[in-house]
Structures are given as C-alpha cells and as structure tokens.
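Here's the structure we're looking at; comments come further down.
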Amino acid sequence: MSVERKILLNPGPSTTTDTVKYAQIVPDICPREKEFGDIMAELSRDLVKIVHGRPEDYTAVLFCGSGTICIDITLNSLLDQGKKALIVNNGSYSDRGCEVLRAYGMPFIELKQPIDVPPDPAIIEDALKQNPDIGYVYMTHHETGTGLLNPIREVGELAHKYGAFFITDTTSSYAMIPIDVYRDQVDFCMASAQKGIMGMTGLSYVIGRRDLIEKSKDFPKRSYYCNLYLQYHYFETTGQMHLTPPVQTIYAARQALKEYFEEGEERKWERHQRVMKAIHEGEDELGLREMLKRENQSGLVSAIRYPDDPNWDFDRVHDYCYERGFTIYPGKIEKKGTFRLCALGAIDEEDIRAFFKVFKEALNHYGVQIPIRYTDRTEG
Ligand SMILES: *Cc1c(COP(=O)(O)O)cnc(C)c1O
C-alpha cells in the first residue's frame, strides 16, 4: 500500500517518506516497558549526535508536544532567581519567546531588531555589559516567518563572554543546516520531529548541556509539566518519560533518524539547498520578489511578496495548487502581504519544478500577469 504523495512547501510539518509513515504501525506496547525505554534512550543519543555533542556533555530531553513546548521549557526552566533573560527579538518566533516570558511574569530585556537583516552584535554586547544580571541570551537561529538566518556563533560567544547561557531555537534549522554545539557556542537548542528529521508531529526535544541542566535543579520551578530538570531527572533515573510519550511518533522518529544518518548531514543540506535553488529559479522566471536579500536567507524559507495585481488572491492560488497536491503557506509578517515556499522535507528539485508548472497554471487561470507586476521599483 502506498500513500498519496503530497508536496508540502509550508514550514513544517514536512513531506515524509512512506517508510517513516509506516514505521508508526507497530504492535501495541506499553511505553513503560524496558523495550520502549531503550528505544527512547537510543533516540536521545542520536538526537545529540546530529549536533555533534558528546554524550557526556550534552543530552536530548524528550517532550510530548509541538515545537513551542521547547521554547516554553527552556525559557521557564533555565532562569535562576535574581537573573534576567535577554531576548533578541527579530521575528515572530523570538516574539513568541517574549510572550512566554510575559505569561510567566519573568523579568527580561527585549532587544527588538529589524526583521530582515541579522542583528548587530554590538547592540547585544552593550546590553550584556549594562546588565550583569542576565542569566541567558535567547535567539532564534532561523526565523521561519521571514527566512532570516541569525548569527548564533557570534551571539553565543558574547553570551559566554559575559557569563550567560546561550539558548537558541533551532526548530527550523536542526538536522538541515549543519550545527556543531561546540563550534557554534550552543548551550541549549531545540527542535521538533515534524521539521528537520522529517518525522511526525507530537515529539519535541531540548538538546542541552548536562552540567547546566543539573545546575538548574535549584532554579525556581515555574511549571510542573514543562520543567526541563524534572523531565531530565526522571529519564536519567528511570529510563522513561515522566508522563505518557507519543508512542507511535517515537517509532516514526526512530525510522526518520535512520534515514537521516543514511542520507548524511552534508548530503541532506546539499539537497535542501538544491531545493531552494530551484525555488529561487522558479521565482526569478516569474518575476516574483522576496522580502529578504538572498544573502540574509537561511536557504530553507523564501518569503515572497504578494504581486501588485488586482487578480492576485492568495487563497484562490493556494486552493488551485492544493487540489493538485502542492501546499503553499501564508506569510507571518505583520501588515505585509507575503507567502512562503519552504525547502524542508523529503522533497527534491524536480518537485519544485513540478510545483512551478502548477503555480504558473494557477496564475494564468486567474489572469495574474506574468512577469509579475510590482508597483514600486525597489529590488528585493
Ligand atoms: C515551527 C517552529 C516552532 C514550533 O512551532 P509549533 O507550531 O509549536 O510546532 C518553533 N520555532 C520555530 C523557529 C519554528 O519554525
């Protein structure tokens, strides 16, 4: 039996292989069995391997939830009494970090930065200099709303220079853009199974330094369910998740990791870049313009400006493509009409070429002029 193949160009969940889909079909098992604990332990070790952590230094703590649960967990669990958080806010995902801190009533400094260019490290250094009570610096690695790539290594170095931890949300870059926790100065990063590893939704993980997690044992506990140390400690001492894990999603993740290591870090990143190159070529051919300069893009998300054409209607074009097996996604930039094409998932350049055929058909069908019209003359 094969499942109809859909090409997801949204920023996750991503297109998966059939082998990953079928890995979920397993005999029923109680997740408290040792057999299942062993699967989780192996999964955790493999997740650390992806970012080149040594198992004695780093661990991956598993949680049942969508990716945002890791933002919540890291931010609420890793701030000691009397310390402040520093958030580099340059997109909707780092903005979510601020919302989490507000929800907990935790003290933080928000460094609002432009959303279309990497932040100026001098501004971050200034904030660290002026506030010796900063416990951690938090920055999104890849702002999925715009496709902006942030300089984690530089900012991680700064955090460490001033004695703060560095936490980065790598949900939309992990297992795609090569990351090395030592080289990139990462104390904590995070991801979710439906993105980089091309698994199923419902499993997320925080990958972080064991010594700092141990240290956080005495930090204020602001959540029962979403506490990093509690989950870590429970797993370390019992080999099980504290509460019920997403059993079938974990089987799928195990298969996804097998396929990840078979493809290899470098080859996988090359494939994603090949997909993005095909996206850029398709855009250029139609005259579509992007929000960000290509040099500032992650290579995984392209945020495209809506054409200035009276016949352009995102929903109609979306529906036309969707009915033909391709999913495109609205943008996440306030008050700006954008949509996104993403290079995540088990897809390759020929899928993008097939997509642009359908997309062009949709434009013709609704009378959107090609080359695409923009009223301003600015490049972008
Ligand atoms: C997808 C994503 C998340 C998690 O989103 P969920 O909808 O909770 O899975 C978090 N951060 C970034 C940067 C993301 O791209």
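Quick notes on this structure:
- D by Stokes-Einstein for region 126-255, Kirkwood Rh over Cα pairs, 25 °C, 0.890 mPa s: 152 µm²/s.
- Accessible-area order (highest first, 1.4 angstrom probe) of the listed residues THR19, THR249: THR19, THR249
- Set of lysines near LYS195 by C-alpha distance (under 25 Å), chain-local residues within fewer than 8 positions excluded: LYS6, LYS21, LYS49, LYS258, LYS268, LYS277, LYS293, LYS332
- By the Stokes-Einstein formula, at 1.002 mPa s and 20 °C, the chain with its Kirkwood radius over alpha-carbon pairs has D equal to 99 µm²/s.
- Share of carbon and sulfur in the accessible heavy-atom surface of region 22-262 [1.4 Å probe, %]: 52
- Reachable aspartates and glutamates from LYS34, criterion Cα separation under 14 angstrom, eight or more residues apart if same chain: GLU42, GLU236
- Stokes-Einstein diffusion of region 1-130 at 25 °C, 0.890 mPa s viscosity, Kirkwood radius from Cα pairs, rounded to a whole number: 131 µm²/s.
- Binned Cα-Cα distances of region 265-365, short to long, each 5 Å bin given as a whole percent: 2, 12, 24, 27, 20, 10, 4, 1, 0
- Of the GluC sites (Glu not before Pro) found in region 284-338, those that fall in a DSSP loop while having at most 11 other beta-carbon atoms within 10 Å are GLU323, GLU334.
- Accessible area of region 23-91 divided out per residue, in Å², using a probe of 1.4 angstrom: 41
The values are calculated or read from the model by the stated rules, or taken from the named source; none is laboratory data. Bear in mind the structure is a predicted one, so any value in this text is a computation, not a measurement. Note that each Cβ is placed from the backbone with ideal geometry, even for glycine, and that neighbours are counted across all protein chains shown. Heavy atoms of the whole protein, side chains included, go into the accessibility calculation; ligands, DNA and RNA do not. Shrake-Rupley method; radii C 1.70, N 1.55, O 1.52, S 1.80 Å.
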